[in-house]
Amino acid sequence: MARGTKSARALPEALSLEGRRVLVTGAASGIGCATAHCLARLGADLVLSDRDPLDAVRGELTALGAAPAASQGDLRDDGCLHRLIESGPYYAFASVAGVFRGSAPTEAFDHVMHVNVRAPLMLASAVLDQMNPEVGGRIVLVGSSAGRTAGGRIGTQEEYAIYAASKGAIHTLVKALSHRAAARNVLINGVAPGVVLTPLLDAVAPELKTRRSANPLGRNAVPDEVAWPIALLCTPAASFISGAILDVNGGAFVAA
């Protein structure tokens, strides 16, 4: 079994994930990679997933004293989902993997919805059923400020609309699933990042890396600034938070 870092032993009990198995999707880069690092520092026994190779992040975490398990695969593939489910049971699940568009306009909707909505729903439902009600559990689904706003911000109007719809669906799933999860002593929350300096941003909207005036803080986020809130929601400390969408955008968008 994977183990967390030795430094986690000095953590307050409410923040420690020592001996607790945690699944992280999208762990090869960006917010997912940063989330894996944060969770490792809290002592989590990690299972990492990504469509891209995971050798680099595994090496980084091993250097910290962790020993994460890894499963490379495409979340559109049910076989990939089943392998991740069979690696449970988990105490927590951080669903970070996401895509912005498909390879062609006619494929974009299916591609984005499969990865951004269907896979998180299937994994969350299966992981929830595995969780021990006596111990409880945590599920964190990563949405986006795009799921809260209207109008094109990146890519074409069609691309943005599909992506925004997928993230809006995640926000709705968080609220709907939280009621079912409560009966099993499991808390489900969402995190909605704004503009974050990640490989996804480089791929779809590199111009936003320098367009900082839209954010009241005058800059964009780095992955750690989203990863630590995700990690916190996975800990015992977040014991009375459920059905919430945490906006992590530097004040660029403030929910009513």
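The values are calculated or read from the model by the stated rules, or taken from the named source; none is laboratory data. None of these values were measured; they are calculated from a predicted model. Backbone-built Cβ (ideal geometry, glycine too); neighbour counts: all protein chains shown.
Observations, loosely collected:
- Whichever residue in segment 80-139 is modelled with pLDDT under 95 and among the acidic types (Asp, Glu) and, among such residues, is farthest from the chain's Cα centre (by Cα): Glu107
- Which numbered condition Lys175 misses (of (1) basic (Lys, Arg); (2) part of a helix (DSSP H, G or I); (3) free of Cβ contacts under 8 Å to residues at least 60 places away in the same chain): (3)
- Test result for Gly65, among the small types (Gly, Ala, Ser) and over 30 Å from Tyr160 (Cβ atoms): yes
- Residue pairs meeting the criteria (Cβ under 9 Å; at least 6 apart or on separate chains; first basic (Lys, Arg), in segment 213-238; second in a loop (DSSP other than H, G, I, E, B)): Arg219/Arg212; Arg219/Gly250
- Filter result (hydrophobic (A, V, I, L, M, F, W, C), under 13 Å from Ala97 (Cβ atoms) and not in a helix (DSSP H, G or I)) within segment 26-46: Ala27, Ala28
- Positions within segment 207-246 being outside any loop (DSSP other than H, G, I, E, B) and at pLDDT below 95, in sequence order: Glu207, Leu208, Lys209, Ala221
- Scanning segment 120-139 for residues that are outside any helix (DSSP H, G or I) and under 22 Å from Ile245 (Cβ atoms) turns up Met131, Gly136, Gly137, Arg138, Ile139.
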